[in-house]
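Only one structure is covered here, and it is reproduced in the block below.
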Amino acid sequence: MGRDLAEAAPEAMNLWKLAERVSGLPLREIYWDGDEAAMSDTRALQPALTVVNCNLWREMAGRVSPRGAAGHSLGEFSALAAAGVLTPESALEITALRGRLMAEADPQGKGGMAALLKLDEAGVAEIVAEAAAESGEMLLAANYNTPTQLVVSGAKNAVALACRKARERKGRGMELKVSGAFHSPMMEEANRELAPLLRKAVWRKPRFAVYCNLHGRAVHDGESARESLLQQMVSPVRWIETVRNQYADGARFWLELGPKAVLGKMVAPCLNGIADADTRVEQVSSLESVRAFSL
């Protein structure tokens with residue numbers, strides 16, 4: 001989680017210290033010393049991941065010239081910082097508050113999420129409708145990650161029922177270790193409380209396009225990015241459209257920055273039957289991988 005970067009550069013360490021001040025949490029102790037329980041708390045995870053992503057971008061910024069950027073859910077704030085729409089400091093202030101509000105949105109733990117795999121979008125839509133009707137509780141598709149990897153979000157009973165229905169259809173259903181029903185109406189209060197800080201922040205013109213979760217399309221001005229984020233927390237993540245729009249706009253090389261290789265693995269499935277053979281995906285997760293990177 002970025003310890004090597006922080007120990008190699010004072011600027012990187014200072015960003016960790018800033019994140020600790022704005023979140024009020026000992027983030028380096030949590031993530032560098034390995035407190036497993038604290039690591040999964042979204043109040044800590046959101047600012048910490050933002051620090052790692054921003055510090056990786058600081059190391060890579062002079063070595064690549066992006067056509068565009070995107071981030072999945074929380075990662076959208078790092079993408080905006082990379083493009084210069086938000087300063088890293090502003091992105092940290094927002095993500096620290098976002099993490100706290102999302103953690104507090106469901107204090108009784110009524111909401112959950114699950115990944116439904118090996119089923120297409122139509123099949124998942126059927127499962128969502130059936131599980132919601134039979135349970136009498138809220139459920140919807142929240143993350144469109146790949147054509148056969150969708151995430152549902154809603155009341156825990158409905159989420160568990162959707163997993164069972166997925167397995168009955170020869171798919172897979174895996175409940176996720178999250179603290180709420182993210183990207184659903186259950187985040188409405190948190191979304192409303194975050195809005196004043198989003199409106200207060202300074203939103204600059206991006207140095208390169210940023211593709212928004214809300215619709216998957218590129219935005220070229222800060223105001224459009226802000227308006228998208230005012231709805232992001234209660235809206236699905238349109239990652240399939242994001243990757244396909246990037247490809248349509250000429251992208252052929254995807255570079256993932258972050259502590260784990262997650263999004264890069266989604267590129268090929270999203271472009272299955274669409275892309276040429278000339279696509280390339282690489283991942284940078286540490287100071288060592290930054291130094292080894294070559295175009």
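Condition first: in a strand (DSSP E or B), in the same structural domain as Asn191 (by TED's automatic domain parsing) and not aliphatic (A, V, I, L, M). Can you find one or more residues in region 63-77 that meet it?
Pass one, region 63-77, residues in a strand (DSSP E or B): 68-70.
Now drop any that are not in the same structural domain as Asn191 (by TED's automatic domain parsing), which leaves 68-70.
Narrowing the set further to residues that are not aliphatic (A, V, I, L, M) leaves 68.
Within region 63-77, one or more residues are in a strand (DSSP E or B), in the same structural domain as Asn191 (by TED's automatic domain parsing) and not aliphatic (A, V, I, L, M).
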Give the residues of region 258-295 that are of a type in the set (Val, Ile, Thr) and part of a helix (DSSP H, G or I), sorted by residue number. Val267, Val290
Given the residues Leu45, Leu49, which is the only one that is touching a residue at least 60 places away in the same chain (Cβ under 8 Å), assigned to a helix (DSSP H, G or I) and surrounded by 14 or more Cβ atoms within 10 Å (Cβ to Cβ)? Leu49
For region 80-97, indicate whether the set of residues that are more than 17 Å from Ala12 (Cα to Cα) and without any contact (Cβ under 8 Å) to a residue 40 or more places away in the chain is non-empty. no
In the set Ala261, Ala277, which member is surrounded by fewer than 14 Cβ atoms within 10 Å (Cβ to Cβ), more than 19 Å from Phe77 (Cα to Cα) and in the same structural domain as His72 (by TED's automatic domain parsing)? Ala277
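Could you count how many residues in region 57-114 are among the hydroxyl-bearing types (Ser, Thr, Tyr), crowded, with 24+ Cβ neighbours inside 10 Å and out of contact with any Leu (no Cβ under 7 Å at 6 or more places or on another chain)? Walk me through how you get there before you give the answer.
First pass over region 57-114, keeping only residues among the hydroxyl-bearing types (Ser, Thr, Tyr): 65, 73, 78, 87, 90, 95.
Subsequent filtering for residues that are crowded, with 24+ Cβ neighbours inside 10 Å retains 78, 95.
From the residues that got through so far, the ones that are out of contact with any Leu (no Cβ under 7 Å at 6 or more places or on another chain) too are 78.
Result for region 57-114: 1.
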Residues being surrounded by fewer than 19 Cβ atoms within 10 Å (Cβ to Cβ), not acidic (Asp, Glu) and not in a helix (DSSP H, G or I) - total across region 215-231: 3
Residue that is outside the structural domain of Trp57 (by TED's automatic domain parsing) and either out of contact with any helix residue (DSSP H, G or I) (no Cβ under 9 Å at 6 or more places or on another chain) or buried (at least 17 other Cβ atoms within 10 Å of the Cβ) (or both), where the choices are Val210, Val159, Val243, Val234: Val159
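The values are calculated or read from the model by the stated rules, or taken from the named source; none is laboratory data. Nothing here was measured: the structure is a model prediction, and the numbers come from that model. With ideal geometry, Cβ positions are generated from the backbone for all residues, glycine too; neighbour counts draw on all protein chains shown.
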